[in-house]
């Protein structure tokens with residue numbers, strides 16, 4: 001598999017925020033981004049489908065689209081995706097389904113029927129790398145079982161809440177029956193990457209067409225992604241200590 005750009009979205013509000021939020025790409029910006037990528041010849045797929053496409057033909061110009069949290073404004077994105085014939089993966093934290101601001105089961109069922117890949121984002125959106133083994137297994141197995149039962153679709157992909165993973169969490173994801181999983185990473189996914197820790201790129205509100213093009217061909221710019229990856233082990237220890245000693249979960 002040659003490099004695979006995997007894009008990470010969260011909210012897609014109908015109108016721009018008064019103060020731009022990097023996790024919320026307004027629908028008009030999102031449409032511009034999708035239009036740019038398709039006009040440039042990229043095929044936009046969900047993650048599991050994109051991985052299969054690249055395995056069959058490493059030179060196929062594919063981008064994977066992923067959306068975290070299953071916010072109800074994903075419906076704005078769905079309209080744009082349908083317009084351009086694009087597909088995506090939507091990661092659902094099952095404990096939030098039907099809560100204010102989140103999609104309900106009927107909406108998720110309709111999206112799955114329309115071709116959106118449904119993946120798990122755990123049950124309660126806790127960082128996976130600091131959970132005790134029993135709780136980790138529960139978050140992985142129960143969320144997948146509930147999504148399968150409620151939506152009657154295969155659940156193949158997992159997304160780590162807050163992007164945190166470690167070897168133990170990745171092994172548990174594989175043992176729970178998933179075929180792939182993604183983190184944040186902020187770089188292109190390469191053939192040698194662990195299938196259960198695939199890195200993603202974060203498009204931003206207001207991003208220019210040329211900035212988007214550079215990101216999907218070269219990864220996110222600057223030293224920030226490198227520094228964040230280097231600091232992950234120390235930050236994991238701090239989060240683990242906070243959970244065990246202070247009973248407070250840091251993210």
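Filtering 109, 206, 137, 177 for residues that are without any contact (Cβ under 8 Å) to a residue 40 or more places away in the chain, over 20 Å from residue 50 (Cα atoms) and in contact with a helix residue (DSSP H, G or I) (Cβ under 8 Å, 6 or more places away or on another chain) leaves a single hit, 137.
Filter the range 224-251 for residues that are in contact with a helix residue (DSSP H, G or I) (Cβ under 8 Å, 6 or more places away or on another chain), at pLDDT below 55 and outside any helix (DSSP H, G or I) and give the result. Quick ask: steps written out before the conclusion?
Of the range 224-251, the ones in contact with a helix residue (DSSP H, G or I) (Cβ under 8 Å, 6 or more places away or on another chain) are 236, 239-240, 243, 248-251.
Checking which are at pLDDT below 55 leaves us with 236, 239-240, 243, 248, 250.
Matches in the range 224-251: 248, 250.
Identify, please: which residue in the range 209-223 is touching a helix residue (DSSP H, G or I) at 6+ places or on another chain (Cβ under 8 Å) and part of a helix (DSSP H, G or I) and is, among those, surrounded by the most Cβ atoms within 10 Å (Cβ to Cβ)?
Our first condition is that a residue be touching a helix residue (DSSP H, G or I) at 6+ places or on another chain (Cβ under 8 Å); within the range 209-223, this holds for 209, 212-213, 216, 219, 221.
Subset that is part of a helix (DSSP H, G or I): 209, 212-213, 216.
On the way: 209: 14, 212: 20, 213: 15, 216: 22.
Here the answer is 216.
There is at least one residue in the range 147-157 that is at positive phi and at pLDDT 95 or above.
For residue 98, state whether it is surrounded by fewer than 23 Cβ atoms within 10 Å (Cβ to Cβ), at pLDDT 95 or above, out of contact with any helix residue (DSSP H, G or I) (no Cβ under 6 Å at 6 or more places or on another chain) and under 22 Å from residue 182 (Cα atoms).
On the way: surrounded by fewer than 23 Cβ atoms within 10 Å (Cβ to Cβ): yes; at pLDDT 95 or above: yes; out of contact with any helix residue (DSSP H, G or I) (no Cβ under 6 Å at 6 or more places or on another chain): yes; under 22 Å from residue 182 (Cα atoms): no.
For residue 98, the condition - surrounded by fewer than 23 Cβ atoms within 10 Å (Cβ to Cβ), at pLDDT 95 or above, out of contact with any helix residue (DSSP H, G or I) (no Cβ under 6 Å at 6 or more places or on another chain) and under 22 Å from residue 182 (Cα atoms) - is not met.
Annotation note: of 49, 15, 83, the sole residue that is surrounded by fewer than 16 Cβ atoms within 10 Å (Cβ to Cβ) and under 16 Å from residue 115 (Cβ atoms) is 83. Checked against (1) out of contact with any strand residue (DSSP E or B) (no Cβ under 7 Å at 6 or more places or on another chain); (2) more than 23 Å from residue 7 (Cβ to Cβ), residue 164 passes all but condition (2). Residue 115 meets the stated requirement of being assigned to a loop (DSSP other than H, G, I, E, B) and closer than 30 Å to residue 217 by Cβ. How about the range 123-161: which of its residues are in a helix (DSSP H, G or I) and touching a strand residue (DSSP E or B) at 6+ places or on another chain (Cβ under 8 Å)? 140, 143, 144, 147, 151, listed by residue number.
The values are calculated or read from the model by the stated rules, or taken from the named source; none is laboratory data. In this text, all values refer to a predicted model and were calculated from it rather than measured experimentally. All Cβ positions, glycine included, derive from the backbone under ideal geometry; neighbour counts span all protein chains shown.
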